[in-house]
1. Under a point-charge model restricted to the Cβ atoms of Lys and Arg (+1) and Asp and Glu (-1), what is the dipole moment magnitude of the stretch 135-207 relative to its Cα centre, in debye to the nearest 20?
2. Show me the ranking of peptides 140-146, 52-58, 216-222 by mean Cβ neighbours inside 10 Å, starting with the highest.
3. Which order do the peptides 59-68, 148-157 take when ranked by the mean count of other beta-carbon atoms within 10 Å per residue, highest first?
4. Quick one: which of 175-186, 123-134, 106-117 comes out on top by average Cβ neighbours within 10 Å, and what's the full order, highest first?
Amino acid sequence: MKTFPKLATIFLAATMLAQPLAAQVQPDKAEVTVKDGNIVYSPVWHRHIQLTFSGQDDDPVLSPDGKWVIYTHYGSPTRYVEGENACEAGAIDELRIVSLDAQSNMLLYHTSGNVCSFEYKRIDSAGKYLYFLSPAYATSAALYRFDFYKQTVEFVTDANNVIVVPADCKRFPEYKDSLLVLQHRYYIEGGSYDWYWLYKPDQLEKEGGYIEPRPSVPVGEYETGSAALHAFCGE
């Protein structure tokens with residue numbers, strides 16, 4: 001579902017996507033957190049700026065240029081307080097973006113159809129795609145990507161975690177913006193395992209209106225996404 005008016009689309013494209021973004025912020029110093037259901041931005045000088053005031057907001061992520069925060073606005077107070085599963089409750093959650101001065105707050109997308117949640121948000125270094133998970137299957141969630149240019153959501157593959165390879169990956173800098181995807185797979189002779197797999201951006205091709213991942217490269221079994229990224233980048 002498209003929710004941006006044309007003017008907002010131009011504004012977002014101009015501010016977020018028209019220039020190199022990754023070098024403008026130091027994520028290890030500036031951060032976004034949640035307090036009492038509201039999004040709080042803490043810049044490098046340790047001020048705390050409240051960006052939202054609904055008491056129903058969660059899971060924020062800072063844009064690569066350090067000028068915007070993308071977050072989830074829960075559709076009901078119980079959805080946030082009790083952690084109710086949106087897929088089961090039928091609540092309408094919103095994917096929103098807010099500027100760091102809190103003056104501009106826009107709706108990007110809301111839950112509908114198979115997209116019933118926006119979890120584990122990750123943004124590529126160019127600020128083109130936002131990846132997220134939504135509950136889907138018995139053993140796996142579904143990985144989707146939101147296109148900031150088109151304001152569309154597309155299914156990518158099944159996953160239980162996703163990590164975007166950063167531009168400063170020392171061991172494999174050529175894999176910038178590739179995905180490390182945790183997937184639950186099955187042995188031919190029986191049984192299952194959970195490994196991280198590498199998907200390159202050019203492996204995610206549109207065929208018949210759907211994204212069709214090409215064969216992925218095994219990365220291995222790791223306890224966390226951070227451990228998988230550490231091993232992959234050799235840091």
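1. 180 debye
2. Top to bottom by mean Cβ count within 10 Å: 140-146, 52-58, 216-222.
3. Packing order, densest peptide first, comes out as 59-68, 148-157.
4. Order by mean packing, descending: 123-134, 175-186, 106-117.
Where a number appears in this text, it was derived from the coordinates with a stated rule and is not lab data. Quick caveat, the model's predicted, so the values are computed rather than measured. Note that we place each Cβ from the backbone using ideal geometry, even for glycine, and neighbour counts take in every protein chain shown.
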